[in-house]
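The values are calculated or read from the model by the stated rules, or taken from the named source; none is laboratory data. What you see is a predicted model; the values in this text were computed from it and never measured. As a convention, Cβ positions derive from the backbone with ideal geometry for all residues, glycine included, and neighbour counts pool all protein chains shown. Side chains included, ligands, DNA and RNA excluded: accessible areas come from the protein's heavy atoms. Shrake-Rupley method; radii C 1.70, N 1.55, O 1.52, S 1.80 Å.
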Amino acid sequence: MYDDFAGVYDTLMDDYDYDAWGDHYLALLRGESGELPTRAVECACGTGSLTVRLARAGIQMTGVDLSAAMLRRAEEKARRWGVACGFVREDMRALALTRRTEAVLSTCDGVNYLTSEADVRAFFAAAFAALRPGGRLCFDCSSRHKLEDRMGDAFFGEEREGLATLWQNRLNRESHVLTMDVTFFVREEDGRYRRFREQHRQRAHSEAEIRAWLTDAGFQDIRAYGDMTMDAPLAQSLRIHYAARRPAL
C-alpha cells in the first residue's frame, strides 16, 4: 500500500491549509510553557508536509513512516524547503529511538489508521517510552461524527487535472471501522490514464476511549480540542486534536 498513492497524495491534499495546521501543532507543542521543544518525532509523517513546516519553525524534526515511497517524497520535500529533517522507515506501534525526544506527533489521521484497541495502546506505550519526562504527545483523529455520519457507506467521486478518483466507503458500525476502496486514474506523459486501486481502513475512536488508553499508558494533563481551535470538541466536530504529557520526574 502507498507505493502508487505516494505519487498522487500531495495532489489530493492540495486543498488542505498546511500552514494553519502547522501553526496549530506549534500551539499544542508550546502548551502552557510557551516554549517549543528542541526535538520532535512525527509518526505516520507521509510526504512530510507538516514535518518541513515544523522544522522551519526551528524544531529538529524526525519523520517516521512505514511507506518507503512516502518517505522518498518527504526527503525530496525537505530538500526543496531547505530544512534538515531525518526520515526513518518504522512502525509507529513499535517506535524505537536512539535517544528520548521532547515531543511525539501523529498527524492527519495517523491514529485512525490504527484500527484496533491493541494497536492504539501499543502506539501510546511506544510514544510514552520515547518521550523524555515532561515531554508531550500531540496527535489528531477524524472524529466518530465525521467517519460514521459524514463518510460512512458513502460514495465520492472527484476529478482534477490529470487525476480522477472513485471512492466507495463501507462502515462496520459494530467495530466503528470504515473501509475505503479507492480507484485512481492518473494521466501519464503519453496522455493515457493508468488505473490503480487502494484500500484504506480507519477506526472512529471515541474521545472517551482515547482518554482511557492515554491514561492507562501513563500520560497526564490530557486535553482535547475541536476543529483546530483551543476549545473543547463539539458533537459536530470533524477533527479532534489531543495533547498529553509524560509526567516529569
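Can you tell me which residues in segment 77-87 are in a helix (DSSP H, G or I) and surrounded by 14 or more Cβ atoms within 10 Å (Cβ to Cβ)?
Selection gives Lys77, Ala78, Trp81.
Among the numbered criteria (1) farther than 24 Å from Ala20 by Cβ; (2) not in a strand (DSSP E or B), which single criterion is violated by Gly157?
Exception for Gly157: condition (2).
If I ask for residues that are assigned to a loop (DSSP other than H, G, I, E, B), within 16 Å of Ala44 (Cβ to Cβ) and among the acidic types (Asp, Glu), which ones from segment 4-33 would you list?
Matches in segment 4-33: none.
Go through segment 60-76 residue by residue and tally those that are within 24 Å of Leu28 (Cα to Cα) and either touching a Pro at 6+ places or on another chain (Cβ under 6 Å) or open to solvent by 10 Å² or more (accessible area, probe 1.4 Å) (or both).
Result for segment 60-76: 3.
Go through (1) closer than 21 Å to Tyr16 by Cα; (2) modelled with pLDDT under 95; (3) out of contact with any strand residue (DSSP E or B) (no Cβ under 6 Å at 6 or more places or on another chain) and name the single condition Leu238 misses.
Only one criterion in (1) closer than 21 Å to Tyr16 by Cα; (2) modelled with pLDDT under 95; (3) out of contact with any strand residue (DSSP E or B) (no Cβ under 6 Å at 6 or more places or on another chain) is unmet by Leu238, namely (2).
Could you tell me whether segment 162-174 includes any residue that is in a strand (DSSP E or B), closer than 16 Å to Leu12 by Cβ and among the hydroxyl-bearing types (Ser, Thr, Tyr)?
Yes; the residues of segment 162-174 include at least one that is in a strand (DSSP E or B), closer than 16 Å to Leu12 by Cβ and among the hydroxyl-bearing types (Ser, Thr, Tyr).
Kindly list, by first and then second residue, each pair from a residue in segment 205-231 that is among the polar types (S, T, N, Q) to a residue that is modelled with pLDDT of 95 or more, limited to pairs with Cβ atoms under 6 Å and residues at least 6 apart or on different chains.
Ser206/Arg144; Gln220/Arg245; Gln220/Pro247
Could you list all residues from segment 102-118 that are in a strand (DSSP E or B) and open to solvent by 10 Å² or more (accessible area, probe 1.4 Å)?
If the condition is that a residue be in a strand (DSSP E or B) and open to solvent by 10 Å² or more (accessible area, probe 1.4 Å), then Glu102 is the only one that fits.
For (1) under 21 Å from Tyr242 (Cβ atoms); (2) in contact (Cβ under 8 Å) with a residue 60 or more places away in the chain; (3) among the aliphatic types (A, V, I, L, M); (4) touching a Ser or Thr at 6+ places or on another chain (Cβ under 8 Å), each residue gets a yes or a no:
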| position | (1), (2), (3), (4) |
| --- | --- |
| Ile59 | yes, no, yes, yes |
| Arg72 | no, yes, no, no |
| Arg93 | yes, no, no, no |
| Ala103 | yes, yes, yes, no |
| Phe124 | yes, yes, no, no |
| Ser142 | yes, yes, no, no |
| Glu148 | yes, no, no, no |
| Ala154 | no, no, yes, no |
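Where residues in segment 1-57 are closer than 22 Å to Tyr242 by Cα and among the basic types (Lys, Arg), which of them is least open to solvent (accessible area, probe 1.4 Å)?
Step by step, filter segment 1-57, then rank; the result is Arg39.
Kindly evaluate Arg245 against the criterion of being at pLDDT below 95 and over 25 Å from Arg150 (Cα atoms).
Answer is no for this residue.
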